[in-house]
Structure formats: C-alpha cells, structure tokens
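> Could you have a look at this structure, given as structure tokens, before my questions?
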Amino acid sequence: MTSIEVQALTKEYGTRRAVDHLTFSVLPGRVTGFLGPNGAGKSTTLRLVLGLDRPTSGTATVGGRRYPDLHEPLRRVGALLDAQAAHGSRTARDHLRVLAAANRIPRARVESVLEETGLAPVARRRVKTYSLGMRQRLGIAAALLGDPGVIMLDEPSNGLDPEGIVWIRALLRRLAAEGRTVLVSSHLMNETASFADHLVVLGRGRLLADTPMREFIHARVRPGVRIRTTDATALRAALSRAGHDAVQHEDGHWTVQHARVDDIGRVVSEAGVPLLELAAEEATLEQAYLDLTATETEFAAPPQEARP
C-alpha cells in the first residue's frame, strides 16, 4: 500500500504563512486523525497533498509521486473535502458515473459504492434534494469509487445522524484493517478518539504532534479518581494523611488527580470512609488536545463567566 509523505511543506498567501515547514508521514494500516484549531492549516495541507494548491516550498507526495503526476488518480487516492461539490442537478448515480468514466472505473463499481454508503434507494434523486448527511455519504462514495489505497476525508461525520456516525467509524476502521492509508481531519475530539490510531496535530501552520493517540493522551493528561461520600470531612482527612489532594465539585463529588482507583480505594477503606461512588476518571483526547493547543488557537472566544 501507499503512504502520504509531507516534507518541509510551506504555503504562503502574501505575507501570511498558512503552512510552516511541515514534515510528517501518514502510513498504511491505521487511521490517522488530523487535528488542529481553526486556521491551523489542516485544509490547506490537504489541498496541497491533492494538488489543488501549489506549495511555496517543500513537497507533498503519495507513494513518492505528486498527486498531479498520478495516472487515473481516483484509483490511487480517494478524497472528500467538500460535501457540496457534486452538481445539484445530477442524480447521485450520474455523478458517480461521470467520475467512473473519467477514471476508467467499471460502472458496476458505482452500484457497489451506492450500496456501501446506503444511497442505493435514493440514487435516482437529484443531489440538490439531498440533506447534508446524504451529501456527505455521496462524497464518501466518490472517495471510495476507485477502490484506492489512500483515503483522505475532511470532517466525514458532518451532518450524519447517529446511525451514520456509527457507520463511518466502522468504515474507517475497516479501510485501515485492509492496509489502506486513512487520513481524517476533524474538529470532533470524541469522534476522533473513537476511530483514530495515530494523530497529527497542527497549530498556526506548524507541526505540534505526530504520535500514537494513546501516547498523546497519556503524555499530557494523567487520569484521576472520582469519589462520592456521605462524610466529606472524613474523606478529606483520610486523603490528606495519604498525601492526596482532593477537589470537591458543585454536584458533591470529589476528584483526586494523578491517582489510581486501587490506591484511593485502599486509603478510604482503611479509614472507614463511607462511599457512594469510586470510579476512575480516564484522560480524554479532548483534554490532551486542549492542553497542547491552548496557545495555538488563532480564533477563540473569551472565557465565559459564571452568572450569579
């Protein structure tokens, strides 16, 4: 299978540098999540890889070749950047047939991807009658049409209903399990955590992280323990004697950071503290991402103040 290789990639628009000397690889056999705040350069990078923009310097290749140099590129790379790209007056089937004819892809493949994306029952309808979720499915169908070894999707869950979100998760994992190279750009941290094996994170056009997802999370956010009790005084005293700091929250539960359930359970049990709840609070991708990108966000709203 084929990898995506980005080497010292830079893109400038006048005096603004949208992509700043990026170097990373997207390898086969795993789903790579492509993350970053608004304005981080993700969309520009995808466009550079797909030959839609020309880099100021550096290279972006697929299997060692620039996208414009690929023969019948839809057979090599499938991409969804804009769900609105299909002509609204065409039917979904005709849209896919045009793409298939341009890349010498058998017509039977059109019917196959319509079935795979759940669009077969509405394939004769004009695209302008489609909902956003249906247009997303059509864009994914187009990306899969050439049975490519490389799949690049920008916000593929956008507009999908719950069933569609479950479907796209399974699809991404299957494509990676088949040995394909899968790159998925998303703003949805919880959704990315459900399918990604590896992360590439950008901030202000620069590479912030290129690492397995679990390592990314554990390097930045340590797990804690959640506790509920009917005797807050005894709980605080027992934890303090054991060297733990606990924070009480408005709903009454307590959190002990940088601790394990086994250790905290032993402490409160030996002290005879009555417990209503004792559970691990796992570190999340969202927490780790926000920790890393806190100073890299170009567009951010001011913190919300609590109302009296």
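Read-outs: derived from the displayed coordinates by stated rules, not from any lab. What you see is a predicted model; the values in this text were computed from it and never measured. Cβ sites come from the backbone with ideal geometry, for glycine too, and all protein chains shown count toward neighbours.
> Would you please give the residues with an amide H less than 5 Å from that of Val19, counting only those at least 5 places away or on a separate chain, with H modeled from the backbone geometry?
HN-HN under 5 Å from Val19: Lys11.
> Around Arg30, which amide H atoms from residues at least 5 apart in sequence, or from another chain, sit under 5 Å from its own amide H, with H modelled in the peptide plane?
Amide H to amide H, under 5 Å and 5 or more residues apart or across chains, Arg30 pairs with Val182.
> Let me ask another. Expressed as an acute angle from 0 to 90° and rounded to the nearest 10, what is the orientation of the C-alpha long axis of helix 107-116 relative to the principal long axis of the chain?
So the inclination is approximately 20 degrees.
> Where does the chain land at 222 nm, in deg cm²/dmol rounded to the nearest 500, when only DSSP H runs of n ≥ 4 count, each adding -39500 (n - 2.57), divided by all residues?
-10000 deg cm²/dmol
> As I understand it, the dipole of the chain uses +1 on the Cβ of Lys and Arg and -1 on the Cβ of Asp and Glu, about the Cα centre. Which of Leu239, Gly41, Gly146 lies farthest toward its positive end?
Farthest towards the positive end: Gly146.
> Under a plain spin-label model, where a point goes 7 Å from the Cα along Cα-to-Cβ, how far apart in nm are Glu277 and Arg107?
Label-label distance for Glu277 and Arg107, simple model: 6.0 nm.
> With viscosity set to 0.890 mPa s at 25 °C, what whole-number translational diffusion coefficient in µm²/s follows for segment 125-182 from Stokes-Einstein and a Kirkwood radius over Cα pairs?
Estimated diffusion coefficient is 204 µm²/s.
> Over segment 222-282, what portion of Cα pair distances is larger than 17 Å, expressed as a whole percent?
Of all Cα-Cα pairs in segment 222-282, 23 percent lie more than 17 Å apart.
> May I pose another question? So what's the convex hull volume per residue for the Cα atoms of segment 67-155, in Å³?
87 Å³
> Continuing with this model, one more query. How much of the DSSP bridge set in the chain is antiparallel, in percent, rounded to the nearest 5?
Just about 65 percent of them are antiparallel.
> Now for a different question. Computed FRET efficiency, Cβ-Cβ of Asp262 and Val166, R0 30 Å: what is it to the nearest 0.05?
Result of the calculation: an efficiency of 0.35.
> Go through segment 45-61 residue by residue and turn each phi into a ³J(HN,Hα) via Karplus (6.51, -1.76, 1.60, θ = phi - 60°); whole Hz please, and just put x for glycine and proline.
For segment 45-61, the Karplus-derived couplings read 4, 4, 5, 5, 4, 8, x, 7, 10, 9, x, 5, 7, x, 9, 9, 10 Hz, x marking Gly and Pro.
> For segment 241-258, take each phi angle, set θ = phi - 60°, evaluate the Karplus expression 6.51 cos²θ - 1.76 cosθ + 1.60, and give the result in whole Hz per residue in order, putting x for glycine and proline.
4, 8, x, 10, 9, 10, 10, 8, 9, 4, 7, x, 7, 10, 10, 10, 7, 6
> May I ask you to evaluate 6.51 cos²θ - 1.76 cosθ + 1.60, the Karplus curve with θ = phi - 60°, for each residue of segment 130-145 and list the ³J(HN,Hα) values in order in whole Hz, giving x for glycine and proline?
Listing the rounded values in order: 7, 6, 4, x, 5, 5, 4, 4, 5, x, 5, 4, 5, 5, 8, 4 Hz.
> With +1 on each Lys and Arg Cβ and -1 on each Asp and Glu Cβ, and nothing else charged, work out how big the dipole of segment 222-282 is about its Cα centre, in Debye to the nearest 20.
About 180 debye.
> Provide the gained length on full extension for the span Ala177 to Thr15, in nm with one decimal, where the gain is 0.36 nm per separating residue minus the Cα-Cα distance.
The span from Ala177 to Thr15 would gain 54.1 nm if fully extended.
> Follow-up. Can you tell me how much longer the chain between Thr284 and Thr59 gets when fully stretched, taken as 0.36 nm per residue apart minus their C-alpha distance, in nm with one decimal?
Net length gain for the segment: 77.7 nm.
> So what's the chain giving for Rg/Rh, alpha carbon basis, Kirkwood Rh from the mean inverse pair distance?
My calculation puts Rg/Rh at 1.09.
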